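Following: one structure in structure tokens, then a few remarks.
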Amino acid sequence: MSGRRQPIVSVLGHVDHGKTSLLDHIRALGSDRQSSVMDREAGGITQHIGATEVPAELLNELCSPLMGGKNFDSPGLLFIDTPGHHSFASLRSRGGSLADIAILIVDIMEGVRPQTIESIRILKRAKTPFVIAANKVDRIHGWQSVNNRSMAAAMKDQTREAAGLFEQRYWDLVGSFAEHGFNIELYSKVKDFTKDIALVPISAREGEGIQDLLTVVIGLAERYLEEKLTDIEGAGEGTVLEMKEERGLGKTLDVILYRGSVKKGDEIVLVTDEGGKATRIRGMFAPRGMSEMRDAGNRWDDTDSAHAASGLKISAPDVDGVLAGTTMRVVSTPEELEEALALADAEANLSIELDEEGVSIKADTVGGLEALAKELGEIDVPIRHASIGKVNRRDVRSAENSADPLHRIIMAFATDILSDAEEEIENSENGVKYIGSDIIYRILEEREEWVEERTRELEEASREQVVYPGRILLLPDHTFRVSKPAVVGVRVLAGRIHVGQRLLKDGNRIGQIKSIRSGQDSMKEAMQGAEVAVAIDGVTVGRQIDEDDVLLVDIPESHARKLRKMDLSAAEMEVLEELTAIHRKDSHFWGR
């Protein structure tokens with residue numbers, strides 16, 4: 001074994017900007033060197049669990065024209081290729097992020113998008129060096145692509161028009177990244193990689209510029225990460241990607257080993273939701289040949305040992321409750337076991353400061369939860385409850401008990417809500433809000449909007465008397481004025497009506513009650529059974545409304561919650577349910 005491991009590379013970027021195409025192309029690089037897909041010859045690309053390894057031999061051959069004949073020191077590159085629900089933020093190692101270096105892929109035609117911004121924030125927070133791959137240059141009008149050509153050659157071979165259009169897109173990206181505090185520079189012009197982020201134009205579809213990208217990635221890693229890449233001795237350490245039930249193997253763990261080595265029979269310490277747990281490796285497996293790890297089915301090859309950096313599937317007894325995104329540690333002495341259990345306990349006790357009063361947060365992994373907590377900390381939002389896994393009924397009840405109505409919110413990053421928890425929210429009398437997304441800043445944005453709306457509602461509710469629902473009939477032969485405002489005779493069939501209330505016909509808003517009169521007397525409200533003249537703004541009799549129409553009298557959402565706790569008549573309750581059903585077609589949690 002050489003004295004260094006291959007750098008671990010993560011590919012990030014907005015959906016549809018080409019992450020999958022880039023990884024697919026990288027995987028395909030070695031296929032012409034392999035006599036068959038099922039053979040794994042030396043120098044062919046190896047598909048690990050959750051990772052793809054490109055060996056040095058292939059990289060040297062591919063990139064030698066750009067390297068002036070010089071060879072790389074690294075034994076290869078290991079691309080982390082985790083299933084979609086695993087965010088980069090969730091995958092950590094001792095040194096911070098599991099990835100040593102990242103490729104941020106941006107569609108040159110679309111520029112910076114929401115997930116690009118999310119990726120930039122995560123890279124900044126993890127202090128992970130990265131390279132920008134400006135993908136889809138083949139879509140620039142007039143761009144001439146040649147399969148698998150280097151970008152250095154491609155740039156010289158474009159018309160003035162195509163080169164000008166490229167330049168325009170490039171400067172747009174320079175501006176966008178500057179807004180986030182990064183200087184970017186075309187990779188061929190970077191003088192100091194510690195000051196400028198290299199941008200490599202590529203076409204993942206045509207394979208153009210891929211060797212330039214790989215050259216920059218390895219060059220960066222070898223130059224700036226030597227200490228990290230040569231720290232390979234000693235006990236094995238890895239990051240658990242996820243726990244799976246595998247046919248014939250039982251419960252297994254997908255792990256990226258980033259330090260040391262591990263073999264069958266080794267004792268390992270894992271992090272569970274209840275703290276550290278020791279167990280022994282019963283089996284280690286790798287997918288057979290070039291089969292894609294996620295659909296390798298039962299085609300597993302048994303393996304006795306593995307060295308960093310690599311992806312592995314491990315089977316061991318008693319792996320229930322192991323948390324995704326946490327550390328697996330190999331131990332060989334009682335002292336190491338004791339130390340590893342203490343470290344695992346510390347990892348299980350989330351390093352998130354909790355307050356007596358605050359919001360609730362959930363995520364699918366430890367890293368994801370910490371990333372969300374850190375963002376909330378930066379905007380001074382206190383956290384009362386933080387845990388890993390899907391949102392359950394207990395979480396809803398906990399959020400419901402917050403003294404501050406603006407803290408009755410559950411924010412879930414990259415995880416789901418169970419149906420019984422949804423039901424609990426529907427029946428909640430305290431107005432619990434659930435926000436879930438795979439993008440942290442989208443969660444923060446939605447929270448901000450909700451806080452504004454909720455604050456406004458609370459202020460309104462404290463200022464106003466409760467507005468009741470109602471149903472009215474437009475009496476025949478009682479049209480006193482057709483419009484501006486329309487004045488009509490009505491009978492209050494159910495509930496009551498107030499001045500200022502909006503009216504609905506067939507679920508659509510049509511006008512607002514301007515005044516209520518009985519004979520010469522002006523009234524603020526009229527109760528069930530009353531027959532009164534009503535002035536309605538915004539409608540014309542014969543157009544939006546007609547005699548004999550039955551209209552509903554609408555209520556503000558915040559009042560719907562109050563009304564549910566009040567002693568309503570059966571008729572009022574019936575109208576309230578009808579209004580709720582109408583509003584929930586547009587807003588699933590209206591009035592909850």
- Query: Just how far, in whole angstrom, is segment 162-225 from segment 440-505 if you go by their alpha carbon centroids?
  - Reply: 55 Å
- Item | Solvent-free Debye scattering, log10 I(q)/I(0), computed from the Cα coordinates of segment 302-366 at q = 0.18, 0.26, 0.27 Å⁻¹ | -0.93, -1.37, -1.38
- Would you calculate the volume per residue, in Å³, of the smallest convex hull containing every Cα atom of segment 458-592? 110 Å³
- Note on the structure: Pseudo-spin-label distance residue 301 to residue 582, built 7 Å along Cα→Cβ, given in nm, is 6.7 nm
- Query: Per-residue ellipticity at 222 nm for the chain, helices alone: DSSP H runs ≥ 4 residues times -39500 (n - 2.57), over residue total, nearest 500 deg cm²/dmol?
  - Reply: -9000 deg cm²/dmol
- Task: Counting other beta carbons within 10 Å of each Cβ, put 141, 588, 559, 17 in order, fewest first.
- Result: 141, 588, 559, 17
- Distance histogram for segment 155-236 (every C-alpha pair counted, 10 angstrom bins, percent rounded to whole numbers): 15, 37, 31, 12, 4, 1
- Query: Roughly how compact is segment 237-348, stated as its Cα Rg over 2.2 N^0.38 Å to two decimals?
  - Reply: 1.00
- Could you bin all the Cα-Cα distances of segment 180-315 into 10 Å bins starting at 0 and give me the percent of pairs in each, rounded to whole numbers? 10, 29, 25, 23, 13, 0
- Cross-link pairs 19/433; 124/263; 19/244; 505/562 - those with Cα-Cα distance over 28 Å: 19/433; 124/263
- Efficiency by 1/(1 + (r/R0)^6): what FRET value for residue 452 and residue 16, r their Cβ-Cβ distance, R0 = 30 Å, to the nearest 0.05? 0.45
- Task: Calculate, in nm to one decimal, what residue 160 and residue 124 gain on full extension: separation in residues at 0.36 nm each, minus their alpha carbon distance.
- Result: 9.3 nm
- Note on the structure: Rounded to two decimals, the Debye log10 I(q)/I(0) of the chain (Cα scatterers, no solvent) at q = 0.11 Å⁻¹ is -1.02
- For the chain, list the DSSP H helices whose alpha carbon atoms reach 24 Å or more along the long axis and whose average Kyte-Doolittle value is -0.5 or above? 160-179
- Message: Under a crude label model (7 Å from the Cα following the beta-carbon direction), how far is residue 342 from residue 146 in nanometres?
- Response: 6.2 nm
- Query: What FRET efficiency would be calculated for the residue pair residue 589, residue 195, taking the C-beta separation as r and a Förster radius of 51 Å, to the nearest 0.05?
  - Reply: 0.60
- Simple SL model, points at 7 angstrom along Cα→Cβ for residue 565 and residue 24; separation in nm is 5.5 nm
- Which value, to two decimals, describes the C-alpha radius of gyration of segment 189-231 once divided by 2.2 N^0.38 Å? 1.34
- Pairwise Cα inverse-distance average, inverted: Kirkwood Rh of segment 354-491 (Å): 17.3 Å
- Note on the structure: Taking R0 as 60 Å and r as the Cβ-Cβ distance between residue 251 and residue 178, the FRET efficiency 1/(1 + (r/R0)^6), rounded to the nearest 0.05, comes to 0.80
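Only the coordinates and a few stated rules stand behind these numbers; no lab work does. Source: prediction; values computed, not measured. In this analysis, Cβ positions are derived from the backbone assuming ideal geometry, glycine residues included, and neighbour counts consider all displayed protein chains.
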